[in-house]
Each structure stands twice: as C-alpha cells, then as structure tokens.
1. What number of residues within region 95-110 are hydroxyl-bearing (Ser, Thr, Tyr) and away from ligand 2 (no atom under 11 Å from the Cβ)?
2. So, in region 36-82, how many residues would count as being within 16 Å of ligand 1 (Cβ to nearest atom), part of a loop (DSSP other than H, G, I, E, B) and more than 24 Å from Ala387 (Cβ to Cβ)?
3. Among Gly288, Gly240, which is the only one that is under 12 Å from Arg195 (Cα atoms) and either surrounded by fewer than 15 Cβ atoms within 10 Å (Cβ to Cβ) or in contact with a Phe, Trp or Tyr (Cβ under 7 Å, 6 or more places away or on another chain) (or both)?
4. Taking into account only those residues within region 353-391 that are closer than 22 Å to Val82 by Cα and not in a loop (DSSP other than H, G, I, E, B), which is nearest to ligand 1 (Cβ to nearest atom)?
5. Quick one: which of Ala328, Ala310, Ala318, Ala348 is crowded, with 20+ Cβ neighbours inside 10 Å and among the hydrophobic types (A, V, I, L, M, F, W, C)?
6. Please go through region 1-44 and pick out each residue that is exposed (fewer than 15 other Cβ atoms within 10 Å of the Cβ), over 21 Å from the mean Cα position of the chain (by Cα) and not charged (D, E, K, R).
7. May I ask you to verify whether Leu47 is away from ligand 2 (no atom under 16 Å from the Cβ), buried (at least 16 other Cβ atoms within 10 Å of the Cβ) and modelled with pLDDT of 95 or more?
8. Among the residues of region 116-131, is there at least one that is surrounded by 17 or more Cβ atoms within 10 Å (Cβ to Cβ), at pLDDT 95 or above and within 16 Å of ligand 1 (Cβ to nearest atom)?
Amino acid sequence: MGVRDEAAAIAGEIAELRHEIHREPEIGLDLPKTQAKVLAALDGLPLEISTGRGLSSVTAVLRGGLPGPVVLLRGDMDALPVTEETGLPYASAVPGAMHACGHDTHTAMLAGAARVLSARRAGLPGTVIFMFQPGEEGYAGARHMIGEGVLDAAGSRPVAAYGLHVTSQRLPCGVFSTRPGAMLAAADQITVTVRGRGGHASMPYRAADPIPVACEMVTALQVLVTRKFDVFDPVVITVGSFHAGTADNVIPDEARFLATARSFSQESRGALAELVPRLIGDIARAHGLTAEAEYSREYPVTVNDVSEAAFASETIAAVFGPERAELAEFPITGAEDFSFVLEQVPGAFVMLGACPPGTDPQTAPTNHSAVAVFDDAVLADGTALYAELALRRLALR
Ligand SMILES: [Zn+2]
Ligand SMILES: [Zn+2]
C-alpha cells in the first residue's frame, strides 16, 4: 500500500481529531487542551516526545531504523479571536475563538503523518521531527520553539523543513501551491502616537489639533509606498486602527494609529523601518506637533529554498499528478512565523486549497473569516504530502 492509501485508510480518525480540536479552539501560546489532544493522538507511537516549557508545544522525534539525515515537518495549532458563524456540526463551542485559519487541519494532518511514518519506521533512512506549534497568529510561536531547541531535537540539525497551510479560497480543493524564493511577506507593525494640544473645537488656532496631522500621515504613507519603493519589489502599508478624541466639540491631546507593513525583501524591509518613522516625525514637525513612530519587526519574509521548493513541487506532481501542483506566480501578502524556521533550515512552505467542493474558490470566504470553511476532503492528501516529503527527502540524503 502506498502512503496515499495509508493516509486515506486513517482519514476518518484524522477528521475526528480535527473536529475535536475545531470544537475547542485555543488562542496564543498556551493551548493545553489542544496539546492534550495531540499527545493522545501520538500515544503508543514509537516517538520521543517533549513538550514546551514556555508554550504548550509538542515536539515528536521519530528515529528510523536506518541511518540518515533529519527532516522537520511543522503544523501549527492555534486559533483566532473570531466567533464562528459557519453552522458546521463540529463548529467552535467557544464564543470568541475559532479555527478560522485552518490550523486544526494542520495539527490533525501532522498527527496523521506521524502515524503513517511510524508504521514505516524500520525502513526509514533517517529521523523526522514533528513540530506541533502554538501561537502562529501573532505570537511568534515558531521563534519560541526554536529558542527551546526544536531544531536540535534530533541531535543534529534538519537538512530540510516543510510546512503546509490550507486556504479556504483562491486554490481549488486539493490543489497544492508553492514557489521558489519569497513565498509570504514580512509583516511588521507600526505604532504611531501624534501629540498635540487639546482645546475647544470652535477655536482650533488656540489648540494643536492632532487629528488632521494624523490623517495626513495616513495618506502620506500611501504616497511613500508609491514613490520610495520599486514597483517590482512591492510593499503594502495598511492603517488598520485609528483612534482619537471623544466628542465633536473637543480637540483631543493626541491621536493614535496602528499599521501593518508588508514587504518581500531585506532591502524594502530595511527601507520601511527607516523611512516610515522619519516621515511621521517630519510631518508632525511641519505642523508644530510631535509624534512617536515605533517600527516593530514581527515576522520575516518566508523564503522557500529554490531546490527545496522544486523538490516539494516534484513530490506533489509525482504523488497527486501535475494538475494538482501549482507553481505560484506571485508570493502571498500574508505572513507566517515558519519564516523563522526557514531562516535557519532550507525548506519549503506549501499552500493547499481546501474550500468545499462545489464552492467557487475565487469568491469563497478568506482565511480568518467567521464563515471560512476548510473541507475534510483534503485531510488524507495533506497527511500523505507531509509523509511523502519526509520519506522522499530522507531517501535523497
Ligand atoms: Zn492566519
Ligand atoms: Zn495560518
């Protein structure tokens, strides 16, 4: 029986685990219930298991019967602060928490791959690290796990690392997508406080109004994007939070806004970190106000190694047929903390279309939506891909 058939044979159990995790979503770095479900699913397998100290991660090491290199497979485990509105039978039972990014499927598929590979342990030429990671959604869980030694869990560094991510839209169900080089953007946070002087709204000349100045900054940031950056090395700045004032007739003392900055190269990221605070400061000064702009580097660019991306793509084509292996023309403007792993280990991040069959991927709700649906149909093949990537990469040496 091939790996695909072996994964298909346990598809029911993988879906059951996925549903259990989906019903009880947990957010952030501390996911004790999810961790317990993973540990139960791995129970009895020939794995060396350790759990995180500062976060509820699970690291499982499978040592094959034959000598060989180390490969790392990663699945993230955390949910989002979203109240689910899908109406699915296994929908979240926790108000304000939902697996709206499909990480429940990654966790279940990775546990499935651990089972499939454990059954082949005797003939496995090397070692596989299974990285079950909390806190992908803004908590840098991958960086914490690296700090706690996940990359050295097998005794020697992995030669390759692979991550899988479902998407509820764009890709047809069952189609895998990857590309060499930049796969996802770097995501940084800009925090701006504009300090003026409050007063009566009818006499703005007696005050120093921070609101029009902050508004000017918002539009100037968009001009900065078009005038200071190469159109072929794009950046995105979006102000997603803007707050000032309490009443129509009061000029407030300050205005605050938050923005996300996305980029795909070290050069652009470095330029953002330098130019954004300067622009904010200069606009404030032009109006006789002051401003603080804090540029915080969050997730780096997720960079797929050229040969590992080609290997992943060839593996997908060989296992599932070339029609299911998309070579993505462009990177994704989303971000991933798997980027921290790929900074240290060559590897590839692969997207998997998971919108329900019969749904138009172009109009289906996006990941993070309260109505995003990831279909169980992809669980067996996602499991098979994790396992095949490890098996074939170990065989390569
Ligand atoms: Zn997400
Ligand atoms: Zn995600």
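The values are calculated or read from the model by the stated rules, or taken from the named source; none is laboratory data. Computed from a predicted model, the values in this text were never measured in an experiment. Neighbour counts run over all protein chains shown; Cβ positions are idealised from the backbone, glycine included.
1. From region 95-110, those hydroxyl-bearing (Ser, Thr, Tyr) are 105, 107; that's our starting set.
Still in the list and also away from ligand 2 (no atom under 11 Å from the Cβ): 107.
Counting residues in region 95-110 that are hydroxyl-bearing (Ser, Thr, Tyr) and away from ligand 2 (no atom under 11 Å from the Cβ) gives 1.
2. Pass one, region 36-82, residues within 16 Å of ligand 1 (Cβ to nearest atom): 74-82.
If we keep only those that are part of a loop (DSSP other than H, G, I, E, B) as well, we get 77-78, 81-82.
When the remaining residues are screened for being more than 24 Å from Ala387 (Cβ to Cβ), the result is 81-82.
Result for region 36-82: 2.
3. On the way: Gly240 fails: under 12 Å from Arg195 (Cα atoms).
Answer to the check: Gly288.
4. The residue in question is Gly353.
5. On the way: Ala328 fails: crowded, with 20+ Cβ neighbours inside 10 Å; Ala310 fails: crowded, with 20+ Cβ neighbours inside 10 Å; Ala318 fails: crowded, with 20+ Cβ neighbours inside 10 Å.
Unique residue meeting the criteria: Ala348.
6. Result: Met1, Gly2, Ala9, Gly12, Ala36, Ala40, Gly44.
7. On the way: away from ligand 2 (no atom under 16 Å from the Cβ): yes; buried (at least 16 other Cβ atoms within 10 Å of the Cβ): yes; modelled with pLDDT of 95 or more: yes.
Against the criterion (away from ligand 2 (no atom under 16 Å from the Cβ), buried (at least 16 other Cβ atoms within 10 Å of the Cβ) and modelled with pLDDT of 95 or more), Leu47 qualifies.
8. For region 116-131, residues surrounded by 17 or more Cβ atoms within 10 Å (Cβ to Cβ), at pLDDT 95 or above and within 16 Å of ligand 1 (Cβ to nearest atom): absent.
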